[in-house]
1. Can you find even one residue in segment 27-39 that is modelled with pLDDT under 95 and open to solvent by less than 10 Å² (accessible area, probe 1.4 Å)?
2. Those residues that are part of a loop (DSSP other than H, G, I, E, B), over 12 Å from the mean Cα position of the chain (by Cα) and under 25 Å from A148 (Cα atoms), I need them from segment 7-36; list them, please.
3. Looking at segment 171-182, I want the residues that are of a type in the set (D, E, K, R) and have a partner that is outside any helix (DSSP H, G or I) with Cβ atoms under 6 Å, at least 6 apart or on another chain. Which pairs are those?
4. Test of understanding: among A50, A79, which residue is free of Cβ contacts under 8 Å to residues at least 60 places away in the same chain, within 28 Å of D224 (Cβ to Cβ), among the small types (G, A, S) and outside any loop (DSSP other than H, G, I, E, B)?
5. Of A148, A186, which residue is in contact with a strand residue (DSSP E or B) (Cβ under 7 Å, 6 or more places away or on another chain) and without any contact (Cβ under 8 Å) to a residue 24 or more places away in the chain?
6. I need a count of the residues in segment 144-171 that are part of a helix (DSSP H, G or I) and open to solvent by 10 Å² or more (accessible area, probe 1.4 Å).
7. Inside segment 58-72, can you point out the residues that are in a helix (DSSP H, G or I) and open to solvent by 20 Å² or more (accessible area, probe 1.4 Å)?
Amino acid sequence: MIAMYDSGLGGLSVWRAVRAALPAWPITYLADQAYCPYGPRSREEIIDRALKVGHYLASQGATILVVACNTATTAAIAALRAELSLPIVGIEPAIKPAAAMSRTGRIAVLATEYTLASERVKTLLDAHAGDVEVLRRAGHGWVEQVEAGELTGERTRALVRRVVEPLLAENIDHIALGCTHYPFLAPLIQEIIGDGIRLYDPAEAIARRAADLIQQHGCDSQGDHYYRFITTAEDAADMALRLPQLIGQPFPVESQLLD
């Protein structure tokens, strides 16, 4: 079983890519909605949540764990790898391909403030963007709008426009997405930036990495094929309501408190 988790529903953008890349595999997705968003939380609290979630998913029979959350990857993937004896895939902003393809020498990365300020992003910039100027911008309120299913409303448009429109005067030609919630706002972002600026979503690269690790470890999908969805919120109804909107299909959602 492939286990995936995020602070909330954003990781469903990665779930779509993993399902497409590994259609024979059962997938369990956990949204830690009781603690969403992770961005304002301390590193210690994010690590504590990651370990609770990781141990729970391992107990459910996970073969591989995909941390479909940039903030959790940044803060907690080392702790997860130290405690869990299964392959773990993290996610990071798509700075490398965006910088490599830039013609203007200027790109932007959109992520939470926590991710943008992290040592991981600094390392990515040093390794892959030495000759490229990278503008870092936080999508304030974007995670909350996706969690609420408000993908196209006027408030969401205003929040996206406030961040993205100023970039049009900056001569950038690529935007790297660094939060798994943000791909659900990609149509709005693209509407604002037009066809001259390309968006990079790392979801497909994460799915390929998961497939490679499964092959390297000689794992096979066995037993029933299923998709399981879990929330740490007390009421699972809201997540169940959002699934058709975000992944195009309804599924039952379980509530599992992990306090």
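1. Yes, the conditions are met somewhere in segment 27-39.
2. D32, C36
3. Here the result reads D173/S102; D173/R103; D173/T104; D173/I197, each pair linking segment 171-182 to a residue that is outside any helix (DSSP H, G or I).
4. Going through A50, A79 in turn, the sole match is A50.
5. Of the residues listed, the single one that is in contact with a strand residue (DSSP E or B) (Cβ under 7 Å, 6 or more places away or on another chain) and without any contact (Cβ under 8 Å) to a residue 24 or more places away in the chain is A186.
6. Here is the first cut: in segment 144-171, the residues part of a helix (DSSP H, G or I) are 144-147, 154-169.
Filter once more, keeping what is open to solvent by 10 Å² or more (accessible area, probe 1.4 Å): 144-145, 147, 154-155, 157-159, 161-163, 165-166, 168-169.
Looking only at that region, the number is 15.
7. A58, S59
For (1) under 28 Å from P87 (Cβ atoms); (2) under 20 Å from the mean Cα position of the chain (by Cα), each residue gets a yes or a no:
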site	(1), (2)
L199	no, yes
A205	yes, yes
A210	yes, yes
D238	no, yes
R242	no, yes
L246	yes, yes
Q249	yes, yes
V253	yes, yes
Q256	yes, no
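The values are calculated or read from the model by the stated rules, or taken from the named source; none is laboratory data. From a predicted model like this one, the values you see are computed outputs, not experimental measurements. No Cβ is skipped: glycine too gets one built from the backbone with ideal geometry, and neighbour counts run over all protein chains shown. When the accessible area is computed, the model is the full protein with side chains, heavy atoms only, and any ligands, DNA or RNA have been set aside. Shrake-Rupley method; radii C 1.70, N 1.55, O 1.52, S 1.80 Å.
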